[in-house]
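*Asks:* What follows is a structure written as C-alpha cells; I'll ask about it next.
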Amino acid sequence: MPERKSGPLRVTVIADSDTRWKWGALTARRIDPDARLDARLLRGRATPTPRQLAELGIPADSMAESTMAELLAETHDGSCDVLVVSCVGGTVQALLHGLSRAWQGRERRPVVVTGYVGVVYEKLADGLLLRAGADVVLANSADDARRFRDVYDGVGHRTGSIVETALPFLGGEPYRADDSRPFTVTFAVQPSVPDSRTDRLHLLRRAVGHARLHPSREVLVKLRSKPGEHTTHIEEQPYQKLVAALDPPANLRLVYGNMAEVLDRTDLLVTVSSTAALESLHRGIPTAVLTDLGIRETLGNHHFLGSGCYASWDELDDGRLPQASQEWTAAHGVAGSSPYAALRGRVSALLDMPELPALSPYYTLRTAPGYLPGILARHGLTPKGEPVAGFAPREAGPVRQAVRDFVRNSARTAYRQGVQRVAPTIRRWGQL
C-alpha cells in the first residue's frame, strides 16, 4: 500500500456526477483506506445535489464544487499525491491536456488514475482513447483488461497503464434467504436504458403485473434520482411519473436510497443492464437480466452473454430464479481474491519514482486536429489546453441554479458532518 514519508497519502477525486463520485471515492479508498480524501465536483449539468451525496453516504475530508479552470489552477503536487479522475471520457481528455499544460515546469506532479464507473458496453475505442495518457487506466475485470489492451495495442499506445481490478463498490454480506420477511423482488431501473416512453411503460407494466400475480411478494422499483435531478445520464422519461397512471398494488413501492442497503433485503434483482446486477451477483443474489426488449448493444445487456442470467418477465412470473455461471462471474470481475493488489502496487511504484514523465494523451493537435479542439472547447479550454477567460459551464434552469448556490454556500460542510458515522465502514471496504 502506498505510504508517504511525511503524513498520510493525499488523494483528490474529480467527479462530474453522483455515480462517478461514488466510483472515484471508493477507488481512492481501495488505494489507501487511510488516505486524506478531497472531493472536487466539476460544476455542470450533472453535478450531484446534497440529497444525492447524502444518499451515497461517502465521507470526504473536504468537498468543493469547482470549474475546469479552478481545478487546473488548484490541482498539483502541493495539493495531492494521487488524482483520481472520475468523469466522462471527453472530460478526462480535457483534464489530461489542461493538467499537462498547467504542470509544465513543475518538478513533481500527482499520479493520475482514471477508469470506468461500470460496464463498458459501448464506445470502447472512443472512451479508452479519451482516457489514454493517464498513469493508470483501471479495467474492472479480466475481460475488460484484455479488451483494453487490444485497443491500445491496435493504435500503438502503451498498455502498461492498464491495471486489472474490480468495481470498487462490490461488497456487502452474501445472500441468505430470510423467511421472516416477504420475498422481495427489486427492479433496478436506469436513467438512460431503455430511453423510450413505450419501452419504459412496458417494463413498469410487467413489474406491476408481477406484483399483482404474487401478492405475497414485495416488489421494489429502485430509482436513481428524483425528477429534476441529473445523474451520469439524463433521464427524459422518469419512472416515478410513468408509474402513477398504472394504479400499482400496495405490494409495489418506489424506493430511493443506497443500492447496497436495498440489496440487503432483495431475493431477486431484476434489471436491463444496470451495474446493480454486478453488485447482486457478487453477493450471490439471484439476478435476472431482462430480455423483454431484446439482447442488444444499445441496451447494454449483451454484456451478460454467457452469464446464465437472462430471463423475461414471463419467466419470472412463472417463478424462475436465474443462477449465474461461476466461470462468467470470475472472468467479469464479480468474484476474485485481492482484486486491488495490482492497483496498490502500481500506484506505489509510481509514487516511488523520483520523477514522473509528463502526461502524454494519445490525442494531440497532430494526431486528431479535427477532433481534439472541439472536445477542449466544450470544456472551456483552448487547443493548447489553456482555460478560456470568462467561460461559463453549462448548467440547467433557475431551480437547478438555486440548488447549485445552496450547495456552494453550505451543504458540503453539513454533508460531511452528517456522514462521518459511515466512515469506518468505508475504510473497512478499502481493506478488502
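The values are calculated or read from the model by the stated rules, or taken from the named source; none is laboratory data. Being a predicted model, the structure only gives us computed values, none of them experimental. Don't worry about glycine lacking a Cβ; one is built from the backbone with ideal geometry, like all the others, and counts go over all protein chains shown. Heavy atoms of the whole protein, side chains included, go into the accessibility calculation; ligands, DNA and RNA do not. Shrake-Rupley method; radii C 1.70, N 1.55, O 1.52, S 1.80 Å.
*Asks:* Can you bin region 4-98 into rounded, prolate or oblate? Criterion: square roots of the alpha carbon gyration tensor eigenvalues sorted a ≥ b ≥ c, rounded for a/c under 1.5, prolate for a/b above b/c, oblate for the rest. Display every interim value, and only then the final one.
*Replies:* On the way: a/c = 1.76, a/b = 1.14, b/c = 1.54.
Because a/c hits 1.5 or more and a/b fails to exceed b/c, region 4-98 counts as oblate.
*Asks:* How large is the charge dipole for region 1-157, taken about the Cα centre, if only the Cβ atoms of Lys, Arg (+1) and Asp, Glu (-1) carry charge, to the nearest 20 debye?
*Replies:* Working: 21 positive and 21 negative charges, 21 e Å.
The dipole magnitude comes to about 100 debye.
*Asks:* For region 126-216, what is the accessible area per residue in Å² when the probe is 1.4 Å?
*Replies:* On the way: 3650 Å² over 91 residues.
I get 40 Å² per residue for this part.
*Asks:* May I ask you to order 277-284, 102-109, 356-363 by the average number of other C-beta atoms within 10 Å around their residues, highest value first? Kindly include the intermediate steps, with their values, before the conclusion.
*Replies:* Working: 277-284: 24.1, 102-109: 13.8, 356-363: 16.1.
Top of the packing list down: 277-284, 356-363, 102-109.
*Asks:* Report the number of Lys pairs in the chain whose alpha-carbons are under 18 Å apart, with separation of 8 or more residues or on distinct chains.
*Replies:* Working: Lys22/Lys222; Lys22/Lys226; Lys222/Lys241; Lys226/Lys241.
Close lysine pairs under the 18 Å cut-off: 4.
*Asks:* Still on this structure, please answer the following. Per the 1.4 Å probe, what fraction of the accessible area of the chain, in percent, lies on carbon and sulfur atoms?
*Replies:* Roughly 51 percent of what the probe reaches on the chain is carbon or sulfur.
*Asks:* What Kirkwood Rh does region 117-225 have if only Cα atoms enter the pairwise 1/r average? Answer in Å.
*Replies:* On the way: mean 1/r = 0.0571 Å⁻¹.
Result for region 117-225 stands at 17.5 Å.
*Asks:* How much length is gained if the chain between Glu355 and Leu254 is pulled fully straight, taking 0.36 nm per residue apart and subtracting their Cα-Cα distance, in nm to one decimal? Before the final figure, lay out the partial values.
*Replies:* Values: separation 101, 0.36 × 101 = 36.36 nm, distance 5.22 nm.
Once the chain is fully extended between Glu355 and Leu254, it gains 31.1 nm.
*Asks:* Based on the alpha carbon coordinates of region 293-339, what radius of gyration and maximum Cα-Cα distance (Dmax) apply, in Å?
*Replies:* Values for region 293-339 (Cα only, Rg and Dmax): 12.7, 39 Å.
*Asks:* A further question follows. With unit charges on the beta carbons (Lys and Arg positive, Asp and Glu negative) and the dipole taken about the Cα centre of the chain, which residue among Val136, Leu299, Ala341 sits farthest to the positive side?
*Replies:* Val136
*Asks:* Once you list every other residue whose beta carbon is under 12 Å from the beta carbon of Glu315, what net charge do they have if Lys and Arg are +1 and Asp and Glu are -1?
*Replies:* Numbers: positive: Arg206, Arg320; negative: Asp292, Asp314, Asp317, Asp318.
Neighbourhood net charge equals -2.
*Asks:* Next question. Mind checking the angle between helix 89-102 and the chain's longest principal axis? C-alpha axes, 0 to 90 degrees, to the nearest 10.
*Replies:* Roughly 20 degrees, rounded to the nearest 10.
*Asks:* What distance in nm lies between label points placed 7 Å from Cα along the C-beta direction at Ala389 and Asp292?
*Replies:* Distance between the two pseudo-spin positions: 5.6 nm.
*Asks:* Let me ask something else. Using Cα-Cα distances under 8 Å and only pairs 6 or more residues apart, what relative contact order does region 1-85 have, in percent?
*Replies:* On the way: 133 pairs, mean separation 33.1, N = 85.
Computed value for region 1-85: 39 percent relative contact order.
*Asks:* Please compute the Kirkwood hydrodynamic radius of the chain from all pairs of different C-alpha atoms, in Å with one decimal. Spell out each step's value before the answer.
*Replies:* Details: mean 1/r = 0.0444 Å⁻¹.
Its Kirkwood hydrodynamic radius stands at 22.5 Å.
*Asks:* Rank-order 46-54, 134-142 by packing density, defined as the average count of other C-beta atoms within 10 Å over each peptide's residues, highest first.
*Replies:* Details: 46-54: 21.0, 134-142: 23.4.
Per-residue Cβ counts within 10 Å, averaged per peptide and sorted highest first, yield 134-142, 46-54.
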